[in-house]
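The values are calculated or read from the model by the stated rules, or taken from the named source; none is laboratory data. Owing to the predicted nature of the structure, the values given are computational and were not obtained by experimental measurement. When we count neighbours, we look across all protein chains shown, and the Cβ atoms used for this are built from the backbone with ideal geometry, even at glycine. Note: accessible area is taken over every heavy atom of the protein model, side chains too, but ligands, DNA and RNA are not part of it. Shrake-Rupley method; radii C 1.70, N 1.55, O 1.52, S 1.80 Å.
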2 protein chains.
Amino acid sequence: MRIDKITIGHGSGAGLTRELINSVFASEFKITSLDDSAEIGKNMVISTDAHVISPLFFPGGDIGKLAITGTINDVAMSGAIPKFIVVAFIIEAGFRFSDLKKIVYSMQKEAEAARVQILGGDTKVVEKGKADGIFITTTGIGQFVEKNKLSAKKVRNGDKILVNGNLGDHTIALINLRQKLELSPAPRSDCAALDKLVQLMLENGDVNFLRDATRGGVATILNEIAEETKLGIILDSKKIPVSSIVTSISELLGLDPLYMANEGKLVAFVKDDTKMLISKMKKHELGRNAIEIGEVTDELQGVYLRTEIGGLRPLPILDSDPLPRIC
Amino acid sequence: MRIDKITIGHGSGAGLTRELINSVFASEFKITSLDDSAEIGKNMVISTDAHVISPLFFPGGDIGKLAITGTINDVAMSGAIPKFIVVAFIIEAGFRFSDLKKIVYSMQKEAEAARVQILGGDTKVVEKGKADGIFITTTGIGQFVEKNKLSAKKVRNGDKILVNGNLGDHTIALINLRQKLELSPAPRSDCAALDKLVQLMLENGDVNFLRDATRGGVATILNEIAEETKLGIILDSKKIPVSSIVTSISELLGLDPLYMANEGKLVAFVKDDTKMLISKMKKHELGRNAIEIGEVTDELQGVYLRTEIGGLRPLPILDSDPLPRIC
């Protein structure tokens, strides 16, 4: 069936989003890369993201924190050090000043912690019923030194795949609120700025590529890399780090944490021995559960999970994320 | 009365917007300038704008054209040459693919005409009823040579104030659609990229400062400059360029074109003789009606209109724009 209208799935970060990018944006704008950031001039990168999360406040963060850390992370994944952010607000009439102040306070706090300067921005207000409280678009600029320029093109056969901790925390925190599961204690989002962890990783390991595992989760991101590099990726099911609460809720709802959005997790492609790197990561508060979860191979194409009994289960790209409006 | 909720007026670009900026954004983000763009690193500027115009398509443009030209103009007003743009879309589920394609086509067309590269972006989809068709946030990067860095700080007593043509065209084009006036021929928006006109002006005149006269119109922008510089500005009522249709509709609705949003008009502060500059501007298609409309003075503070009988009528900053969602 030819879909001639935009659906929620087109914003999921998964298959339908890529279809939209390929059929409309990439063809018109002549964009050649699916990277989350783009180079501007010498040694600078830019990245932009619209944030439409619902609800706006959640355990572990709010839309303001998410908007700043999300953009810091997109910039940081290129190997750059985030320096500046500009912000555009779209606010629904009737939105509370006190909530706006909380959000803006969160933004400034995260920016200061990462030594990122918020340079200014724009504010538009739309009539009640024409938005969902507040939408925030953040655009970040980072600077990097040549040797740290990361790219999917650097990914090689034999690269090890690392994550910095448990998957699915952000999604389950949001599901708990949205589905009114009322879990106690309420699961917390992993929303965090990864810039310092990235710099630590670049100093202590032979990192070829980094990507934060947001919309679509680890499985979707790995599919993009597999496609771009024409290589295969095999994950080890025994190594995927997931907390017990996320495991329980996932099983209950029939969801897979490998496809869940995270807001403080990255996937790293690392050359050679990763032991030293992982031990360094474990000393950082955002890398305590860092672990090697798989490997790049040129013996097949696509993304697979090696099951407990040794078989290979495909992890294809899905059409849509199970939960939209999560970031 | 203490307003504790965001109102439509807070997005008008006028007095309430400034109150919002001062009470929430400037205090938290520690922003010291009200400029539409900010410097990043050496000789680069950045500017971001959310576009929420309704209706999305109008005579003379659409939200896509507006988003690109608006950001090109914000960058160009600093004296820089626009180079790169990143785009963040927020799309309401149910939006037509065909409309999205039209919008994206407009964006690419304007970007190409200005030799601006669209580097990429982000797309989010929200449920039906949680947005108004499509919102587009564009962020632009420009590069400039030191001698062309413009700033309100350069404005001096005696500077002449120029505009590049008729005021109010954009607002009246939108009013005609929104109020279903069904004027024939339908008034067209002046939506246009001013980057080339700006470069022509910098080459042919002693320009101290430029600002595009969007939300709030010429009067609001001049008030901001008057406040920042502690100087006075006197406009000559006989010189304000307004088309006959805009004059008629304005009188009918009791609106003042000096407060109307434009999307292809700039205000320039120019030192010394402006004759040569104006004659050059008149040869450019976007400067055909260029005219000197007033002067900066240190003999009073604020913005005034010299009436036909020689009196001075104050042009204060208004609380709110008469027509929101216009850009």
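Before moving on, here are some points about what is shown:
- Between the stretch B:143-177 and the stretch A:76-127, the Cα center-to-center distance that results, in Å: 28 Å
- With DNA, RNA and ligands ignored, accessible area of A:SER237 (1.4 Å probe; Å², nearest 10): 30 Å²
- Rg/Rg_globular for chain B, with Rg_globular taken as 2.2 N^0.38 Å and Rg from C-alpha atoms: 0.96
- The Cα atoms of the stretch B:150-265 define a convex hull whose projected area, averaged across directions, is 7.8 nm².
- Simple point charges give the picture: +1 on the Cβ of Lys and Arg, -1 on the Cβ of Asp and Glu, and for the stretch A:152-314 a dipole about the Cα centre of about 240 debye.
- Rg/Rh, computed from the Cα trace of the stretch A:35-148 with Rh as the Kirkwood radius, has the value 1.01.
- Listed residues B:ASN289, B:ASN164, B:ASN223, most fluctuating in chain B (Gaussian network, C-alpha, under 10 Å): B:ASN289
- Estimated from helices alone, the mean residue ellipticity of chain B at 222 nm is -8500 deg cm²/dmol (sum of -39500 (n - 2.57) over DSSP H runs with n ≥ 4, per residue).
- Within a Gaussian network of chain A (alpha carbon springs, distance under 10 Å), most fluctuating of A:PRO185, A:PRO82, A:PRO241: A:PRO185
- Note on surface exposure: A:ILE245, B:ILE225 rank A:ILE245, B:ILE225 by accessible area, highest first, 1.4 Å probe.
- B:LYS153 versus B:SER248: modelled label distance in nm, points set 7 Å from Cα along the beta carbon direction: 4.8 nm
- Global geometry of the stretch A:1-85, whether rounded, prolate or oblate, following the gyration tensor of its Cα atoms and the 1.5 cut on a/c: oblate
- Within 10 Å of each Cβ in B:93-105, the average number of Cβ atoms from other chains: 4
- Along each principal axis, Cα extent of the stretch A:98-152, largest first, Å: 49, 25, 18
- Averaged over B:76-85, number of beta-carbon atoms from partner chains that fall within 10 Å: 1
- Expressed as a fraction of 2.2 N^0.38 Å, the C-alpha radius of gyration for the stretch B:238-327 is 1.23.
- Applying both filters, DSSP loop and at most 12 other Cβ atoms within 10 Å, to the GluC sites (Glu not before Pro) of the stretch B:104-210 gives B:GLU182.
- The portion of the accessible surface of chain A made up by carbon and sulfur, rounded to a whole percent, is 50 (1.4 Å probe; DNA, RNA and ligands excluded).
- Charge dipole (Cα centre; +1 on Lys/Arg Cβ, -1 on Asp/Glu Cβ; no other charges) of the protein assembly as shown amounts to roughly 240 debye.
- Protein heavy-atom accessible area occluded, B/A pair - total, 1.4 Å probe, Å²: 6300 Å²
- Residues whose amide H falls under 5 Å from that of B:GLY120, counting only those 5 or more places apart or on a different chain, are B:VAL87, with hydrogens built in the peptide plane.
- Residues in the stretch B:14-27 carry Karplus couplings, in order, of 9, x, 5, 5, 5, 4, 4, 4, 5, 7, 10, 6, 4, 6 Hz; the curve used is 6.51 cos²θ - 1.76 cosθ + 1.60 with θ = phi - 60°, and Gly or Pro positions show x.
- Once the Cβ-Cβ distance of B:VAL145 and B:LYS283 is raised to the sixth power relative to R0 = 30 Å, the FRET efficiency obtained is 0.80.
- At 7 Å out from Cα toward Cβ: A:LYS42 inter-copy label distances (nm, ascending): 0.7
- From phi via Karplus (6.51, -1.76, 1.60), per-residue ³J(HN,Hα) for the stretch A:284-292 in Hz, x at Gly/Pro: 8, 4, 9, x, 4, 9, 4, 7, 7
- Within the assembled protein chains, the solvent-accessible surface assigned to A:ASP4 is about 100 Å², based on a 1.4 Å probe.
- Peptide A:13-25 is shielded by partner chain Cβ atoms: per residue, an average of 3 of them sit within 10 Å of its Cβ.
- On full extension, the segment bounded by A:LYS230 and A:GLU19 gains 74.1 nm, given 0.36 nm per residue less the C-alpha separation.
- The stretch B:163-168 - phi-based ³J(HN,Hα) in whole Hz, Karplus 6.51/-1.76/1.60, Gly and Pro as x: 10, 8, x, 4, 9, x
- Think of the protein assembly as shown as having a plus end and a minus end, set by charges on the Cβ of Lys, Arg, Asp and Glu; of A:LEU312, B:ASN208, A:VAL242, B:ASN208 sits farthest toward the positive end of this dipole.
- 7 Å along Cα→Cβ, label-point gaps from B:ALA26 to other copies, nm, shortest first: 4.5
- When peptides A:312-321, B:193-202 are ranked by their average number of other Cβ atoms within 10 Å per residue, the highest-first order is B:193-202, A:312-321.
- The stretch B:35-148, dipole about Cα centre (Lys/Arg Cβ +1, Asp/Glu Cβ -1), debye to the nearest 20: 360 debye
- Value of D in µm² per second that Stokes-Einstein yields for the protein assembly as shown, Kirkwood Rh from Cα pairs, at 25 °C (0.890 mPa s): 95 µm²/s
- Distance violations [Cα-Cα > 18 Å] among A:LYS128/B:LYS180; A:LYS239/A:LYS282; B:LYS239/B:LYS282; A:LYS160/A:LYS271: A:LYS128/B:LYS180
- Top of B:THR69, B:THR138, B:THR17 by mean-square fluctuation, Gaussian network on chain B, Cα under 10 Å: B:THR17
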